[in-house]
Amino acid sequence: MSLSNLQPTIKKLYLKDIRNFVSKLSLRRITNAFQILLSYHVAKYTGKAVQWGLPFTVSFEPTTSCNLRCPECPSGLRAFTRPTGMLSNDFFRQTVAEIADRLIYLYFYFQGEPYLNPEFLDMVKYASDKGIYTVTSTNGHYLTEANARRTVESGLDRIIISIDGTTQETYQSYRIGGKLEKVLDGTRRLVQAKRQLQSATPHIIFQFLVVRPNEHQIADVQKLATELGVDEVKLKTAQVYEYEHGNPLIPTIDKYSRYKQQTDGTYTVKNKLSNHCWKLWHSCVITWDGKVVPCCFDKDATHRLGDLQTQTFAQVWHSEAYYRFRRSILQSRKNIDICANCSEGTKVWA
């Protein structure tokens, strides 16, 4: 079957996911989201760190442990200065209970491989039972038959499976230590579990991080996803840490690169980095041990804005530390290390 003939089927799958997402909305969640959006635009145009409501998107870190050694990942490189560990189910439940009535989107990922936390799927079930749209990102190596079935039964709404190559040689050039066939087998088990349980969820996504070694396989990953019964393919641009003098991971296909080469041969971030960031108003990241950081770009949690082991969520979100960080980005994002190499937070709302 050609890709063009698959378009109606693909659109139908997307619509199922959209309908599922919309079904999670409530008047209180919508009202809170509107307050956040309004305060963001007030802050953006006045330069004052106005913040109303509570975040409607939160990322929890199930663990910092990982089985792979990916070259641009602190977890893979074992390069953290912060402690490693596992998110506690009790702490997770306590925190979610504070914000569940306003929380729309819960992402089980920051660093590490979520399935290494033995309580991960129990936490998904808890959030799902509260009507929150749940998402995780995995390298796909732990989707055993039992885990695939439990994943579907947990109520997980969306799963992103990283697959950065369609041959073992290409795949392992970035996913160092990984086995492509394990990922494909796990995907098959998950698709089969959905069929057996007659479940529309989770919406299965193949995420393809486009880098120079794999850019020639973009069409191949689309075809592979179709053959396996995957619902969607997302092509993601890669953030690299040392880009100024070039990097072998930067793609040659311009549309998939975050960086552009200048006349002197050096590279710079392609998108204009404005002095505002939507992420600081609608979302945050919580490390496995309860530290709150601004976003997923703060991988080593150097900008700690609060501690949920000793503070309530509202106390952290409306703390002076958080307002100070928001003010700093409104003044000049280029002076904040994690913001200088990022275009994520300004794309949609700039």
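Has the stretch 184-195 got at least one residue that is within 21 Å of F21 (Cα to Cα) and open to solvent by 50 Å² or more (accessible area, probe 1.4 Å)?
Within the stretch 184-195, one or more residues are within 21 Å of F21 (Cα to Cα) and open to solvent by 50 Å² or more (accessible area, probe 1.4 Å).
Suppose we filter the stretch 41-62 for residues that are in contact with a strand residue (DSSP E or B) (Cβ under 6 Å, 6 or more places away or on another chain) and among the aromatic types (F, W, Y); how many remain?
Number of matching residues: 1.
Restricting attention to the stretch 165-179, report how many residues are open to solvent by less than 10 Å² (accessible area, probe 1.4 Å) and farther than 27 Å from L106 by Cβ.
2
Might you let me know whether the stretch 58-79 holds any residue that is of a type outside the set (G, A, S), open to solvent by 60 Å² or more (accessible area, probe 1.4 Å) and part of a helix (DSSP H, G or I)?
yes
Return yes or no: is S65 at pLDDT 80 or above, within 26 Å of L103 (Cβ to Cβ) and within 15 Å of the chain's Cα centre (by Cα)?
Spelling it out, it is not the case that S65 is at pLDDT 80 or above, within 26 Å of L103 (Cβ to Cβ) and within 15 Å of the chain's Cα centre (by Cα).
Which condition number does H141 fail, the rest of (1) farther than 28 Å from F56 by Cβ; (2) buried (at least 24 other Cβ atoms within 10 Å of the Cβ); (3) in contact (Cβ under 8 Å) with a residue 60 or more places away in the chain; (4) of a type outside the set (D, E, K, R) being met?
All conditions are met except number (2).
Taking the stretch 90-142 as the region of interest, how many residues are within 23 Å of L27 (Cβ to Cβ) and of a type in the set (K, R)?
Count: 2.
Say whether the condition of being closer than 20 Å to R149 by Cβ and among the hydrophobic types (A, V, I, L, M, F, W, C) is met by at least one residue in the stretch 205-220.
Yes: the stretch 205-220 contains one or more residues that are closer than 20 Å to R149 by Cβ and among the hydrophobic types (A, V, I, L, M, F, W, C).
Looking only at the stretch 216-242, filter to residues that are over 26 Å from I18 (Cα atoms) and open to solvent by 30 Å² or more (accessible area, probe 1.4 Å); which one of those is modelled with the lowest pLDDT?
Y241
Of the residues S162, S154, which single one is crowded, with 19+ Cβ neighbours inside 10 Å, free of Cβ contacts under 8 Å to residues at least 40 places away in the same chain and among the small types (G, A, S)?
Of the residues listed, the single one that is crowded, with 19+ Cβ neighbours inside 10 Å, free of Cβ contacts under 8 Å to residues at least 40 places away in the same chain and among the small types (G, A, S) is S154.
Quick check on this structure: which one of S88, S75, S39 is at pLDDT below 90 and of a type in the set (G, A, S)?
It is S75.
In the stretch 259-279, which residue that is over 30 Å from V50 (Cα atoms), open to solvent by less than 50 Å² (accessible area, probe 1.4 Å) and not in a strand (DSSP E or B) is modelled with the lowest pLDDT? Explain how you work it out, then say what you get.
Quick first cut of the stretch 259-279, residues over 30 Å from V50 (Cα atoms) only: 259-268.
Checking which are open to solvent by less than 50 Å² (accessible area, probe 1.4 Å) leaves us with 259, 265-268.
Now drop any that are not not in a strand (DSSP E or B), which leaves 265-266.
Working: G265: 77, T266: 82.
Here the answer is G265.
Give just the number: which of (1) crowded, with 19+ Cβ neighbours inside 10 Å; (2) in contact with a Pro (Cβ under 8 Å, 6 or more places away or on another chain); (3) in a loop (DSSP other than H, G, I, E, B) does P251 not satisfy?
(2)
Restricting to the stretch 185-205, name every residue that is under 17 Å from R158 (Cα atoms) and in a helix (DSSP H, G or I).
G186, T187, R188, R189, L190, V191, Q192, A193, K194, R195
Go through (1) open to solvent by 20 Å² or more (accessible area, probe 1.4 Å); (2) small (G, A, S); (3) in contact (Cβ under 8 Å) with a residue 12 or more places away in the chain and name the single condition A146 misses.
(3)
Yes/no per residue for (1) open to solvent by 30 Å² or more (accessible area, probe 1.4 Å); (2) assigned to a loop (DSSP other than H, G, I, E, B); (3) under 25 Å from C70 (Cα atoms); (4) modelled with pLDDT under 90:
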{"site": "K255", "(1), (2), (3), (4)": "yes, no, yes, yes"}
{"site": "C295", "(1), (2), (3), (4)": "no, yes, yes, no"}
{"site": "V316", "(1), (2), (3), (4)": "no, no, no, no"}
{"site": "F325", "(1), (2), (3), (4)": "no, no, no, no"}
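Looking at the stretch 281-291 only, could you name the residues that are closer than 17 Å to S328 by Cα and crowded, with 24+ Cβ neighbours inside 10 Å?
W281
The values are calculated or read from the model by the stated rules, or taken from the named source; none is laboratory data. Predicted, not measured: the structure shown is a model, and the values here were computed from it. With ideal geometry, Cβ positions are generated from the backbone for all residues, glycine too; neighbour counts draw on all protein chains shown. Accessible surface is based on the protein model in full, side chains and every heavy atom, while ligands, DNA and RNA are left aside. Shrake-Rupley method; radii C 1.70, N 1.55, O 1.52, S 1.80 Å.
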